[in-house]
1. What is the extension gain from GLN151 to TYR220, computed as 0.36 nm multiplied by their sequence separation minus the C-alpha to C-alpha distance, in nm to one decimal?
2. Could you give me the percent of Cα pairs per 5 Å distance bin for segment 40-86, shortest bin first, beginning at zero and ending with the bin that holds the maximum distance?
3. To the nearest 0.05, what FRET efficiency results for LYS95 and ASN72 with a Förster distance of 22 Å applied to their C-beta separation?
4. Can you give me the Cα centroid spacing of segment 61-117 and segment 309-380 in angstrom?
5. Test of understanding: what is the full-extension gain from ASN88 to LEU12, defined as 0.36 nm times their sequence separation minus their Cα-Cα distance?
6. Tell me, what is the per residue accessible area of the chain in Å², probe radius 1.4 Å?
7. For the chain, what does the equivalent ellipsoid look like in terms of its semi-axes, each the square root of 5 times an eigenvalue of the Cα gyration tensor, given largest first in whole Å?
8. By the scheme Lys and Arg +1, Asp and Glu -1, what is the net charge of all other residues having a beta-carbon under 11 Å from that of LYS365?
Amino acid sequence: MCLTLPGQIINLKKNAAFIKNNETVQKINISLLPNLQINDWILRINNLAIKQISQKDAQEIIELLEGQKKINLSQINARFRKIIKASNVRCLTKKEIIYLLNIEGPEKEALFSEANIARKTNLKDFICIHGIIEFSNFCQNDCLYCGLRKQNRKLKRYRMSVDETVKTAVKAVKEKGYKLLVLQSGEDSFYTDETLCEIIKKIKEKCKVFILMSVGERGYECYKKMKQAGALGVLSRFETSNPKLFKKLHPTGKNFKNRFKHLKFMKELGYFIATGSLIGLPGQTIEDLADDILMMKKWANMISVGPFIPTAETPLALAPNNAKIKNWKVEMNLKMIAVLRLLMKEVRIPVVTALETSAGEDGRKKALRAGANSLMFNLTPAKYRPFYKIYGNKFYQKENIWEKYGLFKYEESYKMLEQKMTKELEKKNIYA
Ligand code: SAM
């Protein structure tokens with residue numbers, strides 16, 4: 001489902017209303033809402049008004065979605081201006097990306113402002129809302145950073161049954177209007193390839209939804225079968241583009257080559273790829289983060305980038321994470337989102353829960369103003385949520401305004417998503 005910026009009617013003529021959009025006046029078809037009056041507030045898809053809303057709610061949405069004022073670049077130094085200009089015609093070099101990741105003060109604000117303009121220019125005022133269902137917290141891996149790691153014997157484990165998972169997904173689509181769902185678990189071989197396919201098929205039989213699987217490295221055959229069963233995408237982070245750091249973080253089980261082998265065949269199978277990395281891992285450098293950005297540019301149809309949060313009962317539990325470090329990771333996450341938006345004007349960039357957890361109340365708004373364009377709401381049944389403890393104190397925010405006004409009832413929003421995803425898939429045919 002998508003949330004759009006509301007408009008206030010300044011004039012009416014027959015079946016048309018006129019709203020002010022920035023400094024221009026836009027003509028809107030109001031045939032679905034014939035009783036509108038001047039000064040009423042509406043939500044629209046393109047030029048079609050689809051819902052009238054109260055002034056109070058309109059202001060709340062505007063407050064959430066409206067970016068900060070455009071920053072005048074003439075005040076900002078020449079190197080910054082040159083890089084921003086270059087980002088409109090070519091990919092940035094690693095050196096230029098490092099420069100952007102190191103900026104602070106007015107330059108940093110200008111970077112966010114430019115990314116926000118790029119989002120608005122290319123994606124209009126649509127913020128898409130997706131859902132994630134975490135159906136099992138069992139994991140056979142021992143990634144040093146992750147609370148689900150096998151050796152964490154203190155974590156209470158759960159598995160949702162096929163029916164429970166299907167029911168949760170179908171409810172999210174039919175009752176709340178979600179159009180894209182991520183089904184995530186630890187790497188859990190309790191679910192056979194056939195079971196995963198059964199879940200996908202049953203959901204697809206009951207409703208129209210894009211399914212992204214996030215179940216780890218399960219090999220080519222499994223991904224082939226899941227694609228045939230109806231999964232459209234995968235969420236699989238490469239975690240870091242630095243092979244040495246990857247090795248340190250995964251001393252057993254996982255290896256860097258296999259992760260990219262998976263991404264390669266996932267792409268060849270035609271999956272929509274959501275991938276990315278962790279920010280602020282012990283031993284990680286700004287150069288590594290710049291490489292991560294270039295790696296995402298190469299592989300991702302959708303970005304997934306968020307801060308590393310040290311987690312109890314893991315070998316990295318005591319990694320430094322005071323307020324200053326936490327804030328550094330949040331700001332770095334925002335800068336990475338902004339640079340990614342400049343490099344990939346139409347890509348889907350969700351605000352991830354780890355960023356919301358680290359940044360608190362304002363994280364969502366800050367990320368949207370730095371170029372992010374979608375949100376991922378947690379739809380895991382409440383009784384399981386506390387146990388999907390990748391990290392502690394996971395953030396859940398009141399989702400009311402979003403779910404109330406997401407334009408979910410309309411076939412248009414499914415069609416729009418389909419068009420955008422197809423376009424994104426067609427653009428990305430580079431195999432590594
Ligand atoms: N099994 C699937 C996989 O391996 O892709 C999905 C589950 S895995 C727990 C999902 C993601 O959680 C990982 O890709 C990782 O980036 C993130 N994650 C794990 N531990 C984290 C931590 N301490 N802080 C932030 N993110 C973390």
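The values are calculated or read from the model by the stated rules, or taken from the named source; none is laboratory data. Just so we're clear, the structure is a prediction, and the values are computed from it rather than from any experiment. All Cβ positions, even for glycine, are placed from backbone atoms using ideal geometry, and neighbour counts span all protein chains on display. Each accessible area value is taken on the protein alone, full model and side chains, heavy atoms only, with ligands, DNA and RNA left out. Shrake-Rupley method; radii C 1.70, N 1.55, O 1.52, S 1.80 Å.
1. Result for the pair: 22.2 nm of gain on full extension.
2. Per 5 Å bin, starting at zero, the Cα-Cα P(r) for segment 40-86 comes out as 5, 16, 15, 15, 10, 8, 10, 13, 7, 1 percent.
3. For LYS95 and ASN72, the calculated efficiency is 0.30.
4. 18 Å
5. Here the answer is 23.5 nm.
6. So the chain comes to 44 Å² accessible per residue, rounded to a whole number.
7. 34, 28, 20
8. Its environment carries a net charge of -2.
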